[in-house]
Amino acid sequence: MPSFPCDEALFYYNRKESLSVSRSVTNPVVKSTQLVRNFMVSPQVRPKRMWRHIVQKGDTVVDATCGNGHDTLEMVKLVADESGRGCVYGMDIQNIALENTSLLLDALLNPNERKLVKLFHTCHSRMEDIVPNGTSVRLVAFNLGYLPGGDKALVTLSETTLQALEVASRILAPGGLISIIAYVGHPGGRKEFETVQAFASGLPVDDWVCTKFEMINRQMAPVLVILFRK
Ligand SMILES: C[S@@+](CC[C@H](N)C(=O)[O-])C[C@H]1O[C@@H](n2cnc3c(N)ncnc32)[C@H](O)[C@@H]1O
């Protein structure tokens, strides 16, 4: 087990998960350090592993880019409990993406879990129109770029991504996370990442811990940006 002085006592080795983070930690700097270290130990970008340490049963979360539904599925598994609490709001601008997501969820969720997901054919910049006012949102996830297996010309765009991030930062509860995977290898992708980065840089340090994870020996690798609200 590696040794980091700031949170050594809080960290524990878990054989099944290989590395885990204590859910009970509330100090934002310690929590953020744990998340960073978890990423560094992982060979790839693994936002879902980070979500597990933030999202709890019964939470409300948002998938801002449903795509083929893999992230939505993961979110339902995180929030669903026996009492039927928990909610996942998902959105995409493409019908085919919402259909793919529905098919995946129908196939892999039980009826009670499936009921927790609400899918919308809309731009993520309109997130506030679908998440009821006053809802405490624990996670907003963006997996930017184009639909895998779909039309590569239909990509997320800097302008609407920025608007969506502004909305997400308003609806996110304290202790929540905005997670963004930005792909820099397609046209417009680098500019979009820079827009995300500029937005993150401007968030007040008293309220947010903002980090990015990028490979420095693979220029076109996707960048993971994590915005943790204290
Ligand atoms: C990389 S895919 C998402 C992958 C998905 N999260 C998954 O687990 O399969 C990006 C998705 O963003 C969608 N998208 C593009 N612009 C959007 C927008 N303004 N609002 C919401 N979704 C958008 C695309 O249609 C595409 O399905």
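The values are calculated or read from the model by the stated rules, or taken from the named source; none is laboratory data. Predicted model, so just to flag it, every value in this text is computed and none were measured. Here the Cβ is made from the backbone with ideal geometry for all residues, glycine too, and neighbour counts use every protein chain on show. Calculation scope for accessible area: heavy atoms of the full protein, side chains included, ligands and nucleic acids excluded. Shrake-Rupley method; radii C 1.70, N 1.55, O 1.52, S 1.80 Å.
About its Cα centre, region 55-229 has a charge dipole of approximately 160 debye under the convention of +1 per Lys or Arg Cβ and -1 per Asp or Glu Cβ, with nothing else charged.
Take GLU128: with every protein chain present and a 1.4 Å probe, its accessible area is about 80 Å². The candidates ILE181, ILE93, arranged from most to least accessible area with a 1.4 Å probe in the full protein assembly, appear as ILE93, ILE181. Exposure check, 1.4 Å probe, all protein chains in place: ASP81 carries approximately 30 Å² of accessible surface. A simple spin-label model places the labels of ARG114 and ILE96 2.4 nm from each other, with each point 7 Å out along Cα-to-Cβ. Using a simple spin-label model with pseudo-atoms 7 Å out from Cα toward Cβ, ARG170 and GLU82 lie 4.0 nm apart.
Summed over the residues of region 59-127 and divided among them, the accessible surface reaches 43 Å² per residue at a probe radius of 1.4 Å. Within the accessible area of region 55-229, the carbon and sulfur atoms contribute 53%, probe 1.4 Å, all protein chains present. How would region 93-187 be classified by its alpha-carbon gyration tensor: rounded, prolate or oblate, with rounded meaning a/c under 1.5 and the a/b versus b/c comparison settling the rest? Because a/c hits 1.5 or more and a/b fails to exceed b/c, region 93-187 counts as oblate. Taking Lys and Arg as +1 and Asp and Glu as -1, the other residues whose beta-carbon sits under 14 Å from that of LEU147 total -4. Here region 55-229 carries DSSP beta bridges of which approximately 40% are antiparallel, counting only pairs with both residues inside.
The trypsin sites (Lys or Arg not before Pro) of region 106-185 meeting both criteria, a DSSP state outside H, G, I, E and B (loop) and at most 14 other C-beta atoms within 10 angstrom of the site's C-beta, are LYS115, LYS152. Scaled against 2.2 N^0.38 Å for its residue count N, the alpha carbon radius of gyration of region 55-229 is 0.99.
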